[in-house]
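The values are calculated or read from the model by the stated rules, or taken from the named source; none is laboratory data. These numbers come from a predicted model, not from an experiment. Cβ placement follows ideal geometry from the backbone for every residue including glycine, while neighbour counts extend to all protein chains displayed. Heads up: the accessible areas ignore ligands, DNA and RNA and are worked out on the full protein's heavy atoms, side chains in. Shrake-Rupley method; radii C 1.70, N 1.55, O 1.52, S 1.80 Å.
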Amino acid sequence: MATKRASQVKKSVWLTPGPVRGRRSPRAGEGGPGSLDREVIVAAAVRLLDEQGEARFSMRGLAARLDVTPMSLYWYVADKDDLLELALDVVGGEMVLPPAGDGSDWEAGLRALAATWRAAMLAHPWAIRIYSDYLNIGPNSIRFSARALEIARASPLSEADSMAALSAIFQYTYGFTATEVNWAEKAAEAGSSTEELIEEITEAVREIPGVADSGVLVDRAGEPETVLREREFHRALDWLLTGMRAGLP
């Protein structure tokens, strides 16, 4: 059986010619008031995704929000996948990049990259759930990756270690943030705060025979979960960066 080429495994809007170039008005009878363009459509998609999440998002719902017919959207985007990938790159554009610097403060640069990536994903929870579905090679994603490489390569780390450092920072940030989003959304579905949900689950688990005496239940500090998570996020980053620094000649 023939092996699939990489370009066949996952289509990317950035590697596929779009249905249109530049601005274009829908054909008569297909649009609504005013004219559309791809930027307007993508911006509206981001707002709708923030409100509804990606599971409920649809081209029909977006068309209704824009007061146009669903078919008019396809003059500008080929399908829903393309639109989600474009929306994801818009989120990448919200990340505030630290200066490349001269390498003297490379640890602060890596920390800033992690912090701004996490902040963008927390602001748009749907984005982290679809992040691994796409190649993330849009202009904003490339801009972020290029700055990350500049910071890592300006550090005293070797080329191989600088790539490993970026991988470690990103994998940690991705996992930590995905867990945050998961807890926040479960709490919202339950109509409670994250603190209330954790307390409810803890009390339920405490009733399981043997659990209370096992030592697996840990009392949380009496602080808001957002404060605890912020401190834990940066504390673990401290350990990662300390390990990288310790590996220097």
If a/c stays under 1.5 just call it rounded; otherwise compare a/b with b/c (prolate if a/b is bigger, oblate if not). Do that for segment 38-77, with a ≥ b ≥ c from the square roots of the Cα gyration tensor eigenvalues.
prolate
Positive minus negative residues near ALA64 (Lys, Arg vs Asp, Glu; Cβ under 14 Å)
+2
Is the shape of segment 98-246 best called rounded, prolate or oblate, per the rule: a/c under 1.5 gives rounded, else a/b larger than b/c gives prolate, else oblate, with a ≥ b ≥ c the square roots of the Cα gyration tensor eigenvalues?
prolate
Express in Å², to the nearest 10, the accessible area of ARG153 obtained by rolling a 1.4 Å probe over the protein heavy atoms while all chains stay in place.
130 Å²
